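To start, the structure itself, in C-alpha cells.
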Amino acid sequence: MKDARTASRIHGEAFARAWGDGEFESLISQHSVFGFLACPEGRARDGAAGFVLCREAAGEAEILSIGITPKQRRTGLGWRLMRSAMQEAKRRGAEEIFLEVDETNAAAVLMYRKLKFIQVGERRAYYVQEGAPRTTALVMRRDLR
C-alpha cells in the first residue's frame, strides 16, 4: 500500500481520532511497513473501502491499523484484509503477529478471536475520545508458524 491519502480518508471514516496523510506517509515510507488497500471491483483507488497497515521486524509483525468504511462493515472485508496481512507477514519471516484493539470494539474483538488471536495483555485507559471515558486496549497475539 502506497496511498497515504486514501488510507487517511478511510481511517477518518472508521475512527473518531483519525490519522492524517502525514502520519500515514511517515509509516508507509518505512521499509518494514507493508499493507493492503481493498478496492471493490470496478472502482479506482479513490473508491477504496478498507485498508490494513502492518510492520514486520525481527520475526514479529504488528497490525498498525485496519479500517473499513461504514458501508463495507460486516461484509468480510476486514477478515480478508487480515488474512492477507497475516500471509504477507509470514512470507516476510514473522512467526507471530500482534495488535491492539479497543475493548469496546466488540465486532473487531470477535473477528480477531475468530482469527485465533489471544489476549496477552492490556493497556488501561489507553484510548482517548473527546467527551468519553478512556478505554482499555487489549493486546492480542497470534502464532503464524
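The values are calculated or read from the model by the stated rules, or taken from the named source; none is laboratory data. These figures come from a predicted structure and were not determined experimentally. Please note: Cβ atoms are built from the backbone with ideal geometry, for glycine as well, and neighbour counts cover all protein chains shown. The protein model used for the area step is the full one, side chains on, heavy atoms only, and it has no ligands, DNA or RNA in it. Shrake-Rupley method; radii C 1.70, N 1.55, O 1.52, S 1.80 Å.
Taken per residue, the accessible surface of segment 1-134 reaches 60 Å², heavy atoms only and a 1.4 Å probe. Taking the Cα centre of segment 36-145 as origin and assigning +1 to Lys and Arg Cβ atoms and -1 to Asp and Glu Cβ atoms, the resulting dipole is close to 400 debye. For Lys116, a cut-off of 22 angstrom between C-alpha atoms picks up these lysines, skipping any fewer than 8 places away in its own chain: Lys90.
With all distinct Cα pairs included, what does the Kirkwood hydrodynamic radius of the chain come out to in Å, to one decimal, could you say? Walk me through the numbers before you get to the answer.
Details: mean 1/r = 0.0642 Å⁻¹.
When all Cα pairs of the chain are included, the Kirkwood radius is 15.6 Å.
Ranking of Glu56, Glu95 by solvent-accessible surface, largest first: Glu95, Glu56 (1.4 Å probe, protein heavy atoms only, all chains present). Once the mean of 1/r is taken over each pair of separate Cα atoms and inverted, segment 19-79 shows a Kirkwood hydrodynamic radius of 12.7 Å.
State, as an integer percentage, the relative contact order of segment 48-144 based on alpha-carbon contacts under 8 Å between residues 6 or more apart.
Details: 159 pairs, mean separation 25.2, N = 97.
The value is 26 percent.
Put simply, when 69-82, 110-123 are sorted by average Cβ atoms within 10 angstrom per residue, most first, you get 69-82, 110-123. Each residue of segment 50-59 was assigned a 3J(HN,Hα) from its phi angle through the Karplus curve 6.51 cos²θ - 1.76 cosθ + 1.60 (θ = phi - 60°); the sequence is x, 8, 9, 10, 9, 9, 10, 7, 6, x Hz, with glycine and proline shown as x.
Leaving out ligands, DNA and RNA, what percent of the accessible area of segment 1-125 is carbon and sulfur, probe 1.4 Å? Could the numbers behind the result be given before it?
Working: 3350 of 7050 Å².
With neighbouring chains kept in place, the figure for segment 1-125 is 47 percent.
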